[in-house]
Amino acid sequence: MHCLICFNTLHEDTTWATLFESKEEIVCESCNEKFERLDLEKHHCQRCMKPISHEVNLCGDCVAWRERMGIDPLSRNISIYSYNEDMKDLMARFKYRGDYELVKVWEQEVTQIYQHYFAGNDFTIVPIPLSEERLSERGFNQAEAIAQLIGPTQSLLIRKHSEKQSKKTKLERMRTSNPFRSKIRNAPRHILLVDDIYTTGTTLRQAGQVLLNSGAQQIFSLTLIRS
């Protein structure tokens, strides 16, 4: 076996111990240590997980969203990793160079976080969609690949093609027009949106607002990375 990230050998030889291990090792210790996992015990924004001082419960961005929209469409976001340089390189391989197998790297922790925060609450899992043009360009939807790690998903949204979010400034992202529309009139009551990266929260809130307008009552999100 070889590490999915660096391709170094994980087991030189197959032994009785490795043959009957309950879960196959797919990432070496060196690569695993490069991930910066968010400390869920530290004080952070109760809505988006941005680190903040102990004097407040919401970060400035989430306060601005609430003031701008009246009611924030997003009840809470949970992220797992920070966006360090090693994660940026890995996401580039995953998203832009089509290394789909890398999704297995995150399976165990994505599943654990889902089980801890969301399992048993009757959530409908909805991956953030790509536009048809972007999907054709990449070959797969990275958010859907992540969402499928935790259970069956539903495709409830259509996304209009637009400029990549990564090319926009923070202000431009927050002011961008909503590219989503709902496929259904009566959305499930409790929805868990799944995406790869939380940056300003614009994408999740725009998708959430469309689903609230279609009948949903609560929108939560699970994102792999908090930028």
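The values are calculated or read from the model by the stated rules, or taken from the named source; none is laboratory data. Since we're looking at a predicted model, the values are computed, not measured. Here Cβ is always computed from backbone atoms with ideal geometry, including for glycine, and neighbour counts include all displayed protein chains.
Of all the criteria given as (1) surrounded by 14 or more Cβ atoms within 10 Å (Cβ to Cβ); (2) part of a helix (DSSP H, G or I); (3) touching a residue at least 60 places away in the same chain (Cβ under 8 Å), the one not satisfied by Ile80 is (2). Report yes if Glu163 is modelled with pLDDT under 95 and outside any loop (DSSP other than H, G, I, E, B), otherwise no. No. How many residues are assigned to a helix (DSSP H, G or I) and touching a Gly at 6+ places or on another chain (Cβ under 8 Å) if we restrict to segment 115-149? Of the residues in that region, 1 qualify. The residue that is modelled with the lowest pLDDT, counting only those in segment 59-77 that are buried (at least 18 other Cβ atoms within 10 Å of the Cβ) and touching an Asp or Glu at 6+ places or on another chain (Cβ under 8 Å), is Trp65. Is it the case that some residue within segment 113-135 is modelled with pLDDT of 95 or more, small (Gly, Ala, Ser), assigned by TED's automatic domain parsing to the domain that holds Arg93 and buried (at least 16 other Cβ atoms within 10 Å of the Cβ)? No: zero hits. If you check Ser22 against the conditions, is it over 23 Å from the mean Cα position of the chain (by Cα), at pLDDT below 95 and in the same structural domain as Ser221 (by TED's automatic domain parsing)? Against the criterion (over 23 Å from the mean Cα position of the chain (by Cα), at pLDDT below 95 and in the same structural domain as Ser221 (by TED's automatic domain parsing)), Ser22 does not qualify.
Take the conditions small (Gly, Ala, Ser), touching a residue at least 40 places away in the same chain (Cβ under 8 Å) and touching a strand residue (DSSP E or B) at 6+ places or on another chain (Cβ under 7 Å) and apply them to Ala145. Does it pass?
It is false that Ala145 is small (Gly, Ala, Ser), touching a residue at least 40 places away in the same chain (Cβ under 8 Å) and touching a strand residue (DSSP E or B) at 6+ places or on another chain (Cβ under 7 Å).
Based on what the data block shows, is Val56 free of Cβ contacts under 8 Å to residues at least 24 places away in the same chain and part of a helix (DSSP H, G or I)? No, not satisfied.
For Ile219, are the conditions met, namely being within 16 Å of Thr153 (Cβ to Cβ) and surrounded by 24 or more Cβ atoms within 10 Å (Cβ to Cβ)?
yes
Consider segment 29-58 and keep the residues that are surrounded by 15 or more Cβ atoms within 10 Å (Cβ to Cβ) and among the aliphatic types (A, V, I, L, M). The one that is modelled with the lowest pLDDT is Ile52. Would it be correct to say that Leu74 is assigned to a helix (DSSP H, G or I), in contact with a Leu (Cβ under 8 Å, 6 or more places away or on another chain) and either among the aliphatic types (A, V, I, L, M) or closer than 27 Å to Ile146 by Cα (or both)? In short, no.
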